[in-house]
Amino acid sequence: MALGLFKKIIKDHLVEGEIDSSETIGIKVDQTLTHDATGSTVYLELEALGISKIKTELSVSYVDHNLIQNGYMSADDHRFLQSSAYKYGAFFSRPGNGVCHQIHLERFAIPGKILLGSDSHTPTCGGIGMIAIGVGGLDIALTMSGQPFYLKMPKIINVILKGRLQPFVSAKDIILYLLKIFKVKGGVDKVFEFSGPGISTLSVTERSTITNMGTELGATTSIFPSDSNTFKFMKLQNRENDFIEILPDEDAIYDQYFEIDLDSLEPLIAQPHSPDNVVKVKDISGIKVDQISIGGCTNSSVEDITKVALILKNNKVHPNISMAWNPGSRQVLQEIERRGLLNNLLSAGVRILESGCGPCIGMGFSPPSNGVSLRTYNRNFLGRSKTKTALVYLVSPEVAAASAITGVITDPRDLIKKGLDMQKINFKRKFTINDNMIIPPSDTPEKLEIIKGPNIVSLPIKEGLENKIEAKIQLKLGDNITTDDIIPAGPDILHFRSNLPKLSEYTFNMIDSNFANKMKKDKSGIIIGGTNYGQGSSREHAALTLMYLGIKIIIAKSFARIHRSNLINFGILPLTFKNESDYNDLDLGDVLYIEINDLNSNKITINNITKNEEFDSIHNLAEREKAIILAGGVLPFYRTKQHKYLY
């Protein structure tokens, strides 16, 4: 049977289920990655599971989100992560080494392998020909302990690229175009697999920009073949021995096909406050800009920053603009300096921030009040920059650099008229290899102790879901609620990610500042949501804090994939309306009565006691998910279940 790239790799890793079904499958995972904003709970979960040593081929613990170390709590988290990595057998990437996705692509990603990461942008490594999926931390802990990863077999969309990008049009414009067409929920339970003659014109880092931001489509992952361009990239990283060619079969059949003519693409821009609010740059050119931020995990390769440096050469950042670069990795920073391009940025007036996530997650460099900020990142949700009145636009490095010169949103093709010639950038000399900030696992883990500071609190184990639930609607929400809405990031909150009691106080704080207090008083509750509830970051804390506060059930029109899994992992029942119009009949404060029984029926009837009305919901739980929900979540489920798979 002819197979596409995704199915070919899945077949080699399949331990349960069938690749040609739409049912749940179980797959063996080769690699995992975590970072400091999600990794502390992963290691606390390993502790709760009673695991002594991880069983994956490779696991890496990164510190890239909270680098400020303002006070003892973040520093304690980092020390906890480093000692845990030593003890359990993971590599540790030290603070300041860079963003997990950029570093993993450079130093660890291998074609044909399967990577799980406790960050939604883990699909970045799909650009190198591996299956890379963002999941919640508890799924990572299970795979590190030797369990398979379970997912619903996704539909495969074959994106056929033809032609070649024109000067000043970039890979960022390809993914923005897909977002314009498919929107932020158009990829839920789908994989975007790229093929066609146009892929030969794209480098691995360009491909990774596309797969990184494919997350904003809601996709399970995105993937490119491993070909001669992949080999070139791995040779630059002195890792050509890890290269294998992986191509789809010529007569592979896909669930859907979509064609893009690269020759016809133009520079695009995502307007506030959603990555799919996409228009042509030329259609809104001339808007005054206050701030520009380049870097992060979407556009921080050597190739990306080289383009910015060449455009800014002999130019100055407009006096009304503050511009900064947060390098994706120290390797990128060193390489830009070695190639003589760092001076272009410094001379132009670009600020150089530490290698890490930084402004992308609201850690510094926030825009001014009502300011217009152009960013080469992947998300522009309202308030994510930590300036709620800011207008954040998502752009390519070329648009960012051109606008930095003019002071207004600018189509970079206008620079051609001024004599700037942007040719395809080709690298032949191997990159600087410096792994001295990556620490390998200890050879003597039995002699080591995990170091816990006073802010690190072990996780509670939830009891099984009650058969009969009577609870109040504590929140009624609209469409596209993000995990940032549920539990924000930022310098005031990130250092509580390993302290669940304290972190829970910030739950839904941006929507209802009294939510946590109401939950502490009532000790139970139900949340009503619209479509695509829980989109955005994979942070499991958006489910973990709700479990801690006593939320039993969430009823929504539809759920984002990762957040739905996280809710199940922590014993919260996700239900969808059988008839979406029933959403309109529910109000804040209504008391609902629900009988769960054994979940064998997909339909659950809900009684609105306040209004003396009934409506139907559905759960669509797989058999394994039913057992987890009834047990109270993954931790109680696995603590009482013998491990079936030990790789």
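Which of the helices (runs of 4 or more DSSP H) contained wholly in segment 318-430 include at least 1 residues that are basic (K, R)? Walk me through it before giving the result.
Values: elements: 330-338, 342-348, 397-406.
Once the helices (runs of 4 or more DSSP H) in segment 318-430 are filtered for at least 1 residues that are basic (K, R), what remains is 330-338.
Of the residues A85, A75, which single one is at pLDDT below 95, small (G, A, S) and not in a loop (DSSP other than H, G, I, E, B)?
Working: A85 fails: at pLDDT below 95.
None of the other options fit; the residue is A75.
Can T531 be described as in contact with a Lys or Arg (Cβ under 7 Å, 6 or more places away or on another chain) and more than 30 Å from S61 (Cα to Cα)? It would help to see each step written out before you state the result.
Values: in contact with a Lys or Arg (Cβ under 7 Å, 6 or more places away or on another chain): yes; more than 30 Å from S61 (Cα to Cα): yes.
It is true that T531 is in contact with a Lys or Arg (Cβ under 7 Å, 6 or more places away or on another chain) and more than 30 Å from S61 (Cα to Cα).
Quickly run through segment 185-216 and pick out the residues that are assigned to a loop (DSSP other than H, G, I, E, B) and either buried (at least 23 other Cβ atoms within 10 Å of the Cβ) or over 18 Å from the mean Cα position of the chain (by Cα) (or both). Give the steps one after another, and end with the answer.
Initial filter on segment 185-216 (assigned to a loop (DSSP other than H, G, I, E, B)): 185-187, 189, 196, 202-203.
Correct list: G187, G196, L202, S203.
Taking segment 441-466 only, how many residues are among the charged types (D, E, K, R) and surrounded by 13 or more Cβ atoms within 10 Å (Cβ to Cβ)? Steps first, answer last, please.
Step one: list which residues in segment 441-466 are among the charged types (D, E, K, R), which gives 443, 446-447, 449, 452, 462-463, 466.
From what's left, surrounded by 13 or more Cβ atoms within 10 Å (Cβ to Cβ): 452, 462, 466.
So the count comes out to 3.
(1) part of a helix (DSSP H, G or I); (2) within 21 Å of K452 (Cβ to Cβ); (3) open to solvent by 10 Å² or more (accessible area, probe 1.4 Å): which one isn't true of P95, the others all being true?
It is condition (1) that P95 fails.
Answer yes or no: is there a residue in segment 49-59 that is surrounded by fewer than 20 Cβ atoms within 10 Å (Cβ to Cβ) and closer than 24 Å to V188 by Cβ.
Within segment 49-59, the subset surrounded by fewer than 20 Cβ atoms within 10 Å (Cβ to Cβ) is 49-53, 55, 57-58.
Still in the list and also closer than 24 Å to V188 by Cβ: none.
No, segment 49-59 contains no residue that is surrounded by fewer than 20 Cβ atoms within 10 Å (Cβ to Cβ) and closer than 24 Å to V188 by Cβ.
Determine, yes or no, whether G478 is assigned to a loop (DSSP other than H, G, I, E, B) and open to solvent by less than 30 Å² (accessible area, probe 1.4 Å).
Values: assigned to a loop (DSSP other than H, G, I, E, B): yes; open to solvent by less than 30 Å² (accessible area, probe 1.4 Å): no.
When the stated conditions are applied, G478 does not pass them.
What number of residues within segment 353-387 satisfy the criterion of being among the small types (G, A, S) and buried (at least 24 other Cβ atoms within 10 Å of the Cβ)?
Going through segment 353-387 one residue at a time, the tally reaches 5.
Given the conditions (1) over 17 Å from K557 (Cα atoms); (2) in contact (Cβ under 8 Å) with a residue 12 or more places away in the chain, report the number of the one that L621 does not fulfil.
If we test L621 against (1) over 17 Å from K557 (Cα atoms); (2) in contact (Cβ under 8 Å) with a residue 12 or more places away in the chain, just (1) comes out false.
Each row is one residue, and each column tells you yes or no for (1) open to solvent by 10 Å² or more (accessible area, probe 1.4 Å); (2) touching a Gly at 6+ places or on another chain (Cβ under 7 Å).
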residue: G112; (1), (2): yes, yes
residue: G117; (1), (2): no, yes
residue: S120; (1), (2): no, yes
residue: D139; (1), (2): yes, no
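With respect to I287, is the statement that it is surrounded by fewer than 20 Cβ atoms within 10 Å (Cβ to Cβ), closer than 17 Å to V408 by Cα, aliphatic (A, V, I, L, M) and touching a residue at least 60 places away in the same chain (Cβ under 8 Å) true? Reasoning before the result, please.
On the way: surrounded by fewer than 20 Cβ atoms within 10 Å (Cβ to Cβ): yes; closer than 17 Å to V408 by Cα: yes; aliphatic (A, V, I, L, M): yes; touching a residue at least 60 places away in the same chain (Cβ under 8 Å): yes.
Taking the combined requirement at face value, the residue satisfies it.
Would you point out which residue out of L374, L346, L391 is of a type in the set (A, V, I, L, M), over 19 Å from the mean Cα position of the chain (by Cα) and closer than 27 Å to K430 by Cα? Working first, answer last.
Details: L374 fails: closer than 27 Å to K430 by Cα; L391 fails: closer than 27 Å to K430 by Cα.
Exactly one of L374, L346, L391 is of a type in the set (A, V, I, L, M), over 19 Å from the mean Cα position of the chain (by Cα) and closer than 27 Å to K430 by Cα, namely L346.
Enumerate the helices (runs of 4 or more DSSP H) found wholly within segment 484-560, keeping only those where 3 or more residues are over 30 Å from Q69 (Cα atoms).
On the way: elements: 500-503, 515-522, 541-549.
The helices (runs of 4 or more DSSP H) meeting that bar are 515-522.
Give all pairs with beta carbons closer than 9 Å in which a residue from segment 494-518 that is in contact (Cβ under 8 Å) with a residue 40 or more places away in the chain and under 19 Å from Q474 (Cβ atoms) meets a residue that is part of a helix (DSSP H, G or I) and among the acidic types (D, E); count only pairs at least 6 apart in sequence or on separate chains.
So the pair list comes out as M510/D484; M510/D485.
I'd like the full set of residues that are farther than 15 Å from T122 by Cβ and either without any contact (Cβ under 8 Å) to a residue 12 or more places away in the chain or among the basic types (K, R) (or both), limited to segment 556-571.
Correct list: K557, R564.
If I filter segment 426-440 down to residues being exposed (fewer than 13 other Cβ atoms within 10 Å of the Cβ) and over 27 Å from S74 (Cβ atoms), which single residue comes out as modelled with the lowest pLDDT?
N426
Which residue, of I596, I618, I606, is more than 25 Å from the chain's Cα centre (by Cα), at pLDDT 95 or above, surrounded by 17 or more Cβ atoms within 10 Å (Cβ to Cβ) and not basic (K, R)? Write out each step before concluding.
Details: I596 fails: at pLDDT 95 or above; I618 fails: surrounded by 17 or more Cβ atoms within 10 Å (Cβ to Cβ).
Checking each option against the conditions leaves just I606.
Which numbered condition in (1) without any contact (Cβ under 8 Å) to a residue 40 or more places away in the chain; (2) open to solvent by less than 10 Å² (accessible area, probe 1.4 Å); (3) closer than 22 Å to G407 by Cβ is the only one that I336 fails?
(3)
The values are calculated or read from the model by the stated rules, or taken from the named source; none is laboratory data. The structure presented is a predicted model; accordingly, all values stated were derived computationally and were not measured. No Cβ is skipped: glycine too gets one built from the backbone with ideal geometry, and neighbour counts run over all protein chains shown. Keep in mind that these areas ignore ligands, DNA and RNA; they rest on the heavy atoms of the full protein, side chains included. Shrake-Rupley method; radii C 1.70, N 1.55, O 1.52, S 1.80 Å.
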